[in-house]
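Report on the structure given below.
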Amino acid sequence: MLKNRGPARNPLMRIPILSVYRTDTGKKYAMAISGVVLLGFILGHMIGNLHVFEGAHGGEYRIDEYGEELRELGIQFFPRTLVLWAFIRIPLAVAFLIHIHSAYSLTRSNRAARQTRYQSPRNYLAADYASRTMRWSGIIVLLFLAWHLADLTIGVEAVNPDFVRGSVYHNLVSSLSRWPVWVLYVAAQLALAFHVWHGAWSLFQSLGLNHPRFNQFRPLFAHTFAVVVTGGFLAVPVAIALGIVA
Amino acid sequence: MDLTLRVWRQESPEAEGRFETYRAVDVQPDMSFLEMLDILNEKLLTSGFEPIAFDHDCREGICGSCGVMINGQAHGPQRNTATCQLHMREFSDGDTLVIEPWRATNFPIIRDLVVDRSPFDRIITAGGYISAPTGSAPEANLIPVPKETSDAAMDAAACIGCGACVAACPNGAAQLFTAAKVAHLNLLPQGGPERRSRVERMVETMEEYFGSCTNHGECESACPKGISLDNIALMNREYLLSKIRSR
Amino acid sequence: MENQNGLDAKVPTGAINERWENHLADINLVSPANKRRFTIIVVGTGLAGASAAATLGELGYQVKAFTFHDSGRRAHSIAAQGGINAAKNYPNDGDSIHRLFYDTVKGGDYRSRESNVYRLAQLSVEIIDQCVAQGVPFAREYGGLLSNRSFGGAQVSRTFYARGQTGQQLLLGAYQAMMRQVDLGTVELFTQTEMLDVVVKDGQAVGIITRDLIDGTIDSHAGHAVVLATGGYSNVYFLSTNAMKSNVTAVWRAHRQGAWFANPCYTQIHPTCIPPSDEFQSKLTLMSESLRNDGRIWVPSRSGDPRPAEEIPDADRDYYLERRYPAFGNLVPRDVASRAAKLEVDGGKGVGPLQNGVYLDFADALGRLGEDTVRERYGNLFDMYQRITGEDPYLTPMRIYPAMHYTMGGLWVDYNLMTTIPGLYALGEANFSDHGANRLGASALMQGLADGYFVIPYTLGGYLAPRLGEKTVPTTDPVFEETRSRVRWRIEGYLTGGGTRSPDWFHRELGKTLWEHCGMERNADGLRQAISAIESLKEEFDHDLLVPGDGHSLNQSLEKAGRVDDFLELGRLMCIDALHREESCGGHFRIEHQTEDGEAERDDDNFSYVAAWGWTNGEEPILNKEPLEFEYVRPSRRSYK
């Protein structure tokens, strides 16, 4: 079996620097770089979420104001939400798509590389639970994302009947007060934690960022990042469950 | 000690394979794993059965011929040890050993535990060398190489090409093998002039046959020579820089 | 039978330091454009074969390279640990080409051809340059320059090394150079392909017959010249430090076709191997001789001393090498060190559970240098020892014993490395040329690479140039047909034997006989016994061999059967040679010929010649002599005291 790599059909792939994406190694770069973007996003998102704990000032929940601030970014020069779309939402969507597409094609490549699996159980030494379940944790996060957008961003009726546009605090509390949703959120955060646990270390390897002096900090960074982000994200549902946020 | 062996038997690349169960009795702890198989084979042969085919040669852990999965681990349970250097004192009386060949689409099984690893040769052919035609070399001490660089190159060059990295990798990837050669040659000043074409051709040839790296680290753990995962990062960096600069 | 006509080694004339240069000036050349019109067959891809294939390919010849391994990187050259000698004199300790030449001739106990050895010493310098340019990561000093260490049989430090993996790194260098030519299309590499015969037409080598080990296909390959670089035959002893598949088949089949076999009885026992632990042992593991730089060899003064090594005080230890050879101490040549160990073990002073070893102790070195330095120098060897024996050499002395390791004998070649069949060459350990009756440590790598990189590429031209325009013999020629059917017939014979014993059984029996009677010590009676024992074993082999399976797929028992068959014939010839050589020299120690203090006693008046044996199809072999003349190094009794 030989992987056939003929001339590129996609015109974008004929651009020299982009053509690197045709190789598996190139896809790993793409995955790592899009991963960095997504890590930045989840960190920002997590910090933003913490506005929930600031409660209300003058009748307005702080987190509702924060939501509006995001929509009004650059309002002095541009129409409302343009900056949000142009510099956050669309780049994020692109990063997501690249991340998913590269994961999909690398998975196919890896499956092809071992068409007949081992017939006896493997005994792994280094590959941990997180690294071996990247695919699954990724898919869980992806499905969750779809729910999450429908639930709290778009407000699809079937997903969140109590949705009120702009009332972030209200939407959050009402949604997370339903226990199946609460469980879904917590489970998804744990999947994300596993994903980041491996991914935030792996990206250094994929991008060739290594040096004997800081190599030991790479997993430390990844694990800290995973714990902090997950902790921050989980704080909200936990607070709701405990009645701290209501 | 007495052991139960479940060994993969397969007559030819096309044939269906299966596990066969054998008893190995009176195994001495000082025996090597392959000597244990030798004795089993001698018994099989003299009872009119075909011996188990397995690759092996130097039995000193340096030629890279040997290698099987033992209880789900490439080269068996002892770290930094090729199958031929594994001794039976690592096992205990009553153990069951499941012995399976390396599995990867481009390491097809030839017979029993023997697989075809020729794609490794093709990766080397695609640039795993320094072009220094005989007779053209300058005086050896004209190019000083810092000891640290030379040592790092030697660490990478210790690869024996056994294929355990591919066998152990959940993705069937050959990054560690390829990276070890790229690192060995690209670290040295002699390898400088060809460093970009080398890494590009080697990586792209590797990808024709093998899976991709998801940084599990199984290869490093299985490697009988302890080749470091750092080499893979180095290869990724070299490849990226080469792609950026050569365009 | 004896042929009194001397053999012509075609050694060039002139002062010894000018001979190679004179020869190069005289040799015929093939022009660059014409080189591609010649097909060269190279069998074996170890150091000699790979370096030859790479260099011939670079020159533009069409090269077909063959290995029975699955890759060009597996040959047993890869297992050489210690290093490679070169007369660079980097340490400024008085080394020179002449001194390396002198040491090698003396180390070989004055049984090698002076001109060849001198050329080897000259080329040693270029080998290091070549290997460094290829990226061989030799050990270096902090200043970035190359590092050297000392080795047995020399009083200078001239050994270059890459940790304990020098052979590996040199072979990978040659292999990579060869694969580069594969990439460029000048070398075609046939893996998993075993050579089973040489095709000789009108007295010239015109091709080979091979068997594909995977599907059993018998194939023919024609060439203008055939180069054998198939290594040595230590495995004739069954237990040796050679790789399991190392064999004499290519060389022996060439011998049967008319290539004379020189000095088969010159075999080398390596003093520092791990002693066997049981009767199932499949092979012996060598620990680099470099260990003798820092390790001290001793046995308990009292035989059967029950105390563990650490508890035996210095007063009760016999550092027998230091005692007997104060000048060289633990660094005496291999043959001397081996025999000394045998003497101690035979005298009942052996150590270990089977009392079959002597101690190699690093306690002093650990105290003097510290564990870190010792680990840096020998770490991988210590680890290997621990993996094999389960004992920690940092805490308790290693146990070592001599084992079969290298064979100085091989196909007779002239100065051009051509055998007695025109067009058939032998390189590296496969030939007999440079080491006389004993090889010095770190010289095998030197010879393999000198032959492959720097000798054959020139000397081959001399043979080919007059043949410009000649086509290769078509493989449909009757001579190919005939050789092919002989090969097929042989394989059929093994498969239809229908006996009861495995090839391994015969191999093991042969090994025991040879080790006992033609090993570290030999005597006339024992050798006669061995000859008749081997003859009856061969007869039994012909009738009682069992090879299961068929010839159309991977069949390791079948491969083994052919190799054991050849070993049986070779073993007999070794004993005949050992019996005829009524002297002791180097690795050949005849008990009848020793000095009062047990050292080898040469007989230069009667045996200063190379014994090249001709095959006579089952009859007694014919002895041909190449007289050895020593113009530059006066033979004297080797003394390392």
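No lab work stands behind these numbers, since they all come straight from the coordinates. None of these values were measured; they are calculated from a predicted model. Because the Cβ atoms are built from the backbone with ideal geometry, glycine has one as well, and the counts that use them run over all protein chains shown.
Points to keep in mind about this one:
- Shape box of the protein assembly as shown [Cα atoms, principal axes, largest first, Å]: 119, 74, 64
- Each DSSP beta bridge with both residues in chain C is either parallel or antiparallel, and the antiparallel ones are about 70%.
- When the P(r) of region B:120-247 is calculated, the portion above 19 Å amounts to 47% of the C-alpha pairs.
- In terms of its Cα atoms, region B:149-212 spans 34, 23, 13 Å along the principal axes, sorted from long to short.
- Ranking of A:PHE221, A:PHE194, C:PHE190, A:PHE96 by neighbouring Cβ atoms within 10 Å, starting from the fewest: A:PHE221, A:PHE96, C:PHE190, A:PHE194.
- If you wrap the tightest convex hull around every Cα atom of region B:31-168 and split its volume per residue, you get 161 Å³.
- Chain B: relative contact order in percent, alpha carbon pairs under 8 Å with at least 6 residues between: 19
- Value of D in µm² per second that Stokes-Einstein yields for chain C, Kirkwood Rh from Cα pairs, at 37 °C (0.692 mPa s): 132
- Stokes-Einstein diffusion coefficient of region C:270-405, Kirkwood radius over Cα pairs, 10 °C, 1.306 mPa s, in µm²/s: 107
- For region C:336-404 versus region B:215-247, the gap between their alpha-carbon centres in whole angstrom: 38
- The chymotrypsin sites (Phe, Trp or Tyr not before Pro) of region C:547-641 that DSSP puts in a loop, and whose beta carbon has at most 16 other beta carbons within 10 Å, are C:PHE630, C:TYR632.
- Taking 1.306 mPa s as the viscosity and 10 °C as the temperature, the Stokes-Einstein diffusion coefficient of region C:1-80 based on its alpha-carbon Kirkwood radius rounds to 101 µm²/s.
- Seen from a random direction on average, the alpha-carbon convex hull of region A:126-201 projects onto 5.4 square nanometres.
- Count Lys and Arg as plus one, Asp and Glu as minus one, and take only other residues whose Cβ is under 13 Å from that of C:LEU546; the net charge is then -3.
- Rounded if a/c under 1.5, otherwise prolate or oblate - region A:74-184, Cα gyration tensor axes: oblate
- Contact order relative to length of region C:478-605, as percent, for alpha carbon pairs under 8 angstrom and 6 or more apart: 30
- Region B:3-111: antiparallel DSSP beta bridges as a percent of all, rounded to 5: 75
- Relative contact order for region C:270-405, counting Cα pairs under 8 Å that sit 6 or more residues apart, in percent: 35
- Debye log10 I(q)/I(0) at q = 0.08 Å⁻¹ for chain A, Cα point scatterers: -0.39
- Charge tally for C:TRP515 (other residues, Cβ to Cβ under 13 Å; Lys, Arg +1; Asp, Glu -1): +1.
- Subset of C:LYS201/C:LYS560; C:LYS471/C:LYS625; B:LYS43/C:LYS64; B:LYS147/C:LYS342 violating a 32 Å alpha-carbon distance limit: C:LYS471/C:LYS625; B:LYS43/C:LYS64; B:LYS147/C:LYS342
- Sorted by Cβ density within 10 Å, fewest first, the residues C:ASP202, B:ASP30: C:ASP202, B:ASP30
- Using the alpha-carbon positions of region B:1-83, Rg (one decimal) and Dmax (whole number) come out as 13.2, 37 Å.
- Order of A:THR107, C:THR616 under a 10 Å beta carbon neighbour criterion, fewest first: C:THR616, A:THR107
- Listed residues B:GLY163, B:GLY226, B:GLY94, most fluctuating in chain B (Gaussian network, C-alpha, under 10 Å): B:GLY94
- Given A:LYS28/B:LYS225; B:LYS225/C:LYS283; C:LYS35/C:LYS106, the pairs whose alpha carbons are separated by over 32 Å: C:LYS35/C:LYS106
- Cα gyration tensor category, rounded, prolate or oblate, for region B:180-234 with a/c compared to 1.5: oblate
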